[in-house]
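The values are calculated or read from the model by the stated rules, or taken from the named source; none is laboratory data. Quick caveat: nothing in here was measured; it's all calculated off a predicted structure. Here the Cβ positions follow ideal geometry from the backbone for every residue, glycine too, while neighbour counts run over all protein chains shown. The protein model used for the area step is the full one, side chains on, heavy atoms only, and it has no ligands, DNA or RNA in it. Shrake-Rupley method; radii C 1.70, N 1.55, O 1.52, S 1.80 Å.
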Amino acid sequence: MRNRRRSVRWNTMRILAAGFLGVIFLGGVLLWLPVSNQQPIAFIDALFTSTTAVCVTGLITITPATQFTLFGKIVLMLLIQIGGLGVVACMASFFFLLRKRITVKERIVIQETYNMDRLGGIVGLVKKVIIGTFVVEGAGALFYAFQFVPEYGLIKGLGYSIFHAISAFCNAGIDILGTTSLSVYSANPLVNLTTMALIVLGGLGFVVWFDVLHMIRLTLKRRQSPVSGVVGLNLHTKLVLVMTAVLIFGGAALIFLMEQGNPETMRGMSAGEKVFSALFQSVTTRTAGFFTMPQGPLYDETKLLCSILMFIGGSPAGTAGGIKTTTMAMLILACLTTVRGGKNIECFGRKITFENFRTGFAVAMLAMGIFLGGTMLIAVIEADSVSLIDIVYETTSAIATVGLTADLTPHLERASQVILMILMYTGRIGPVTLALVFAGKANPKTRLRELPGERVMVG
């Protein structure tokens, strides 16, 4: 039974890897067709746009607002939605629509995709994920409509509202407004707050949603006090909420301090606009890609900080990328445990298992290796024409599926753009998934082998 489960896990990873590739290629073909374009487009630009949409990244080589027709924009929106929900969830939704029974094997695939402990309730979980996604996106579209409908008219305004609600919630960061993203709305509280709320909700992860909602439901029914409800949250939920809050508000404070005197970004803003812009910049590094102030003129130290925030990214089982907040939390806790001379990685009165930490460590190391490899290759290709910090900003944005750009992607050589596509794809399916797909199935003999231990020098 255990060997069968490992086989299904490996097949699940192949399904994810192949499924995203198939959707990317199909989307590239659709976006390349004349019916999708107002002017001719190179196939590699169409493929790059499909990749950035399915991988919910946001880096772009063309301007979607002026490049694509209504049909092309609808295709782009659907690709973002598929990328945000994930191939497996979209397949399951088609089964629901067709009233097709989901077999045990397909349930195991869904279980492995969402990294759940139990097989029971998997179908119900996917239904809640799909319904929750559309409810939040619908609410976001409604709030956007108060701004876009008066500005663009009823039909166009509603279309813009739906598109940007999906793009924000799926952490894609692709817009159809022009070349300046949401910069024209930098002082608009409605657009800012709606976008930030959608980004954060998408980045928290569906598991956190359901845990918090369950806690709120029990508290409202007076079965527990608010304090005991918070204490009773899962360890995963607590780690996600704490790390998200620290990264958002800590990042915003540092960005404000670094950029408030920059004449090309914040200096001309009022105090309120500076706070909003700093907070938005910190939130969008959760892997969203929208921006309300230009990214190219940011100080180098700000770009480095944002690169770190982007690399960490959002949280598991959501629409965000990066190595994830929980992985970073485990690495920090493991470091503190070692420094203090402890034995177990502990947090909120619970012990994090070694297997759990080992997976997180593998994710971080593989992502770092792929990121450094891509950065060095692009630096070689571009030679001395681009600064290293801008290349780091772009490659971090790609591997973490963010989409923030230092005005670099459209001007890169085609070879560099291909590398960015590979980084985006790797970031979306996960470096561990990619590594295991290429490594193949594990050898049972290796898993059972026990060798004598020996110490090596460190430090």
### Task
With r as the distance between the Cβ atoms of L372 and Y152 and R0 = 56 Å, compute the FRET efficiency 1/(1 + (r/R0)^6) and round to 0.05.
0.80
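Using the Cα gyration tensor of the range 127-179, with a ≥ b ≥ c the square roots of its eigenvalues, what is the shape: rounded (a/c below 1.5), prolate (a/b larger than b/c) or oblate (neither)? Mind dumping the intermediate values first?
On the way: a/c = 3.01, a/b = 1.55, b/c = 1.94.
It is oblate, given that a/c is not under 1.5 and a/b is not larger than b/c.
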### Task
Scan around I345 for amide H atoms under 5 Å from its own, H built in the peptide plane at 1.01 Å from N, and keep only partners 5 or more places away or cross-chain.
I352
### Message
Given an 8 Å cut-off on Cα distances and at least 6 residues of separation, report the relative contact order of the range 269-382 as a percent.
### Response
16 percent
### Query
Residue by residue, what Karplus-based ³J(HN,Hα) values in Hz, rounded to whole numbers, does the range 33-44 have, using 6.51, -1.76 and 1.60 with θ = phi - 60° and x for Gly and Pro?
4, x, 5, 8, 10, 8, 8, x, 9, 5, 4, 5
### Task
Set the Förster radius R0 to 51 Å, insert the Cβ-Cβ distance between F348 and M457 as r into 1/(1 + (r/R0)^6), and round the FRET efficiency to 0.05.
0.90
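Find out how many positive minus negative residues lie around P410, taking Lys and Arg as positive, Asp and Glu as negative, among other residues whose Cβ is under 12 Å from that of P410.
On the way: positive: R414; negative: D45, E394, D407, E413.
So the surrounding residues net to -3.
Can you list the trypsin sites (Lys or Arg not before Pro) in the range 245-306 that are in a DSSP coil and have 11 or fewer other beta carbons within 10 angstrom? All intermediate terms of the calculation are to be shown ahead of the outcome.
Numbers: sites: R267, K274, R286, K303; in loops: R267, R286.
Answer by residue number: R267.
Tell me the relative contact order for the range 222-285 as a rounded percent, counting alpha carbon contacts under 8 Å between residues six or more apart.
Details: 31 pairs, mean separation 22.5, N = 64.
After rounding, I find 35 percent.
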### Task
Within 10 Å, count the other beta carbons around each residue, average over each peptide in 349-355, 404-410, 50-56, 163-169, and list them highest first.
50-56, 163-169, 404-410, 349-355
### Query
So, in Å, what gap is there between the alpha-carbon centers of the range 268-342 and the range 194-214?
17 Å
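So, counting K/R as plus one and D/E as minus one, what does the shell of residues with Cβ under 13 Å around A253 add up to?
Numbers: positive: K274; negative: E259.
Computed value for this residue: 0.
Counting Lys and Arg as +1 and Asp and Glu as -1, what is the net charge of the other residues whose Cβ lies under 9 Å from the Cβ of P294? Intermediate results must be reported in sequence, preceding the final value.
Values: positive: none; negative: E264, D407.
In short, -2.
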### Unsatisfied cross-links (Cα-Cα over 31 Å) in the set K128/K351; K156/K303; K303/K343
K156/K303; K303/K343
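Given Cα pairs under 8 Å that are at least 6 residues apart, what percent is the relative contact order of the range 344-426? Before the final figure, lay out each step's value.
Numbers: 60 pairs, mean separation 22.0, N = 83.
Relative contact order of the range 344-426: 27 percent.
How would L333, L388 rank on accessible area, largest to smallest, probe 1.4 Å?
Working: L333 35, L388 105 Å².
The residues order as L388, L333, largest area first.
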